[in-house]
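Written below as C-alpha cells is the structure these notes are about.
The values are calculated or read from the model by the stated rules, or taken from the named source; none is laboratory data. Owing to the predicted nature of the structure, the values given are computational and were not obtained by experimental measurement. A quick note on method: Cβ atoms are made from the backbone with ideal geometry, for glycine too, and the neighbour counts reach across all protein chains shown. Just so you know, the surface numbers come from the protein's heavy atoms only, side chains and all, with ligands and any DNA or RNA stripped out. Shrake-Rupley method; radii C 1.70, N 1.55, O 1.52, S 1.80 Å.
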Amino acid sequence: MTPLKGGRHQPRENLVLAADGPVGDRDFAVVDLHAGTVLKTVEHPLLVSCASTWAGGVLSVEIDGRRIAEKPTLAGEVLELDYWGRSTSMQVVDGPWAQEFSRLLGRSVVLTRTAVAGTVVYGDSVTLSTTSSLARLARESGMAVDSRRFRATFTIDTGDADAHVEDSWVGRELELGGARLLVKDGIPRCAVIDVDPDTGARGTNLLKALAGYRLRSSDIMFGVYAEVVRPGTVSVGDDVRLVPSPQP
C-alpha cells in the first residue's frame, strides 16, 4: 500500500481492512489545481519514486532524495474533482508539499487529503493478484516480474494452481485472515506495469507480453477487484480460503 496516490507501493506485514478498504491507503493525492485533476501514475511516473509513511499524525515523504516529515494541516479549501467518472472531495493541505512536488514534476501542484476514504482508486479499493499468474507472465515475457508493478493490495500464494485461477473466484467470497472479501471483476491494465516500481523509469514490454495472451475485447486483464464484506486484519502468512458456494 501507499499513503500517497501514485507513490511507491511498499510491503506491509499486516493491514487493517475497513468497510471502505485498507486503512491509510492513498489518503493523500497530488492535484493540479489549474487542470482540476488528480495526478495519475501513468501520466506522472516520477511519483513512484516518492516513498511515504503516514503514522502518528505525521506524513513523511521522500521527494527527489529529500525526506520531508510534518504533521499536515488542512488549508480550509475543499475541491470537488472528477476521478475516473466519480466525484471526489479533496482537502488542500498546507506545508512544504506543494513546492516540493511542483519542483519534482515540473508543474504547479498541491497536496490534498481525501475527504472520503477509498475514492482515488480506479475501481474497487482492494485488488488481488496471484503468484501463479505472476509466474505465467514471467515465462511469457522472459524476465523476472516484481509483484509491485501491479500495485495489488494482496498477492496470494496459489502454489501450483493454474495461472489466472483468480478469474474463477469472481462472484465468490474469499476469507483472508480476519477479513472477508467479495471478489468482483477482472482488472484492465495499462502502461503502469512497465514503470519501475522504485524509480518510475519506463523500460519493459510487460504490457505487450501480457496482451499476447490476456487481451479481452480491448482490455488487457490481470488480477481481480474485491469489496470488503467483513472488515478485519490481514497479515503476511495468513490462510486464504474460498468460501463454499451455497447449495441450491
> When ranked by the protection proxy of mean other Cβ atoms within 10 Å per residue, highest first, what sequence do the peptides 13-19, 234-240 form?
Replying inline: 13-19, 234-240
>> Per DSSP helix of 4 or more residues, -39500 (n - 2.57); summed, then divided by the residues of the chain. What does that give at 222 nm, rounded to the nearest 500?
In response: -3500 deg cm²/dmol
> Largest first, what is the accessible-area ranking of Ser60, Ser217 with a 1.4 Å probe?
Replying inline: Ser217, Ser60
> Quick one: putting +1 on the C-beta of Lys and Arg, -1 on the C-beta of Asp and Glu, what dipole do you get for the chain around its Cα centre, in Debye to the nearest 20?
Replying inline: 340 debye
>> Quick check: the angle from helix 131-141's long axis to the longest principal axis of the chain, C-alpha only, nearest 10 degrees?
In response: 80 degrees
> Given that just one value was derived from the coordinates, which of (i) 10.9; (ii) 14.3; (iii) 13.2 is mean projected area of the Cα convex hull in nm²?
Replying inline: (ii)
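How much length would be gained if the chain were fully extended between Ala211 and Val240, taking 0.36 nm per residue of separation minus their Cα-Cα distance, in nm to one decimal?
Computed gain between Ala211 and Val240 is 7.6 nm.
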>> Let's see if you can work this out: charge +1 on each Lys and Arg Cβ, -1 on each Asp and Glu Cβ, no other charges. What is the dipole magnitude of the stretch 1-45 about its Cα centre, in debye to the nearest 20?
In response: 100 debye
> Could you give the accessible area per residue of the chain, probe 1.4 Å, as a whole number in Å²?
Replying inline: 47 Å²
>> Using a 1.4 Å probe on the protein heavy atoms, what percent of the accessible area of the stretch 3-102 belongs to carbon and sulfur?
In response: 50 percent
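Report for the chain the percent antiparallel among DSSP-assigned beta bridges with both residues inside it, nearest 5.
Taking every DSSP beta bridge with both residues in the chain, the antiparallel ones total about 95 percent.
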> How much accessible surface does Thr73 have with a 1.4 Å probe, in Å² rounded to 10?
Replying inline: 70 Å²
> Between Trp84 and Ser218, 0.36 nm times their residue separation minus their Cα-Cα distance comes to what?
Replying inline: 46.5 nm
>> Charges on Cβ only, +1 for Lys and Arg, -1 for Asp and Glu, centred on the Cα centroid of the chain; of Ser218, Pro22, Ala69, which one is farthest towards the dipole's positive end?
In response: Ser218
> Over the chain, what relative contact order in percent results from Cα pairs under 8 Å that are six or more residues apart?
Replying inline: 21 percent
> So what's the stretch 115-206 giving for Rg/Rh, alpha carbon basis, Kirkwood Rh from the mean inverse pair distance?
Replying inline: 0.97
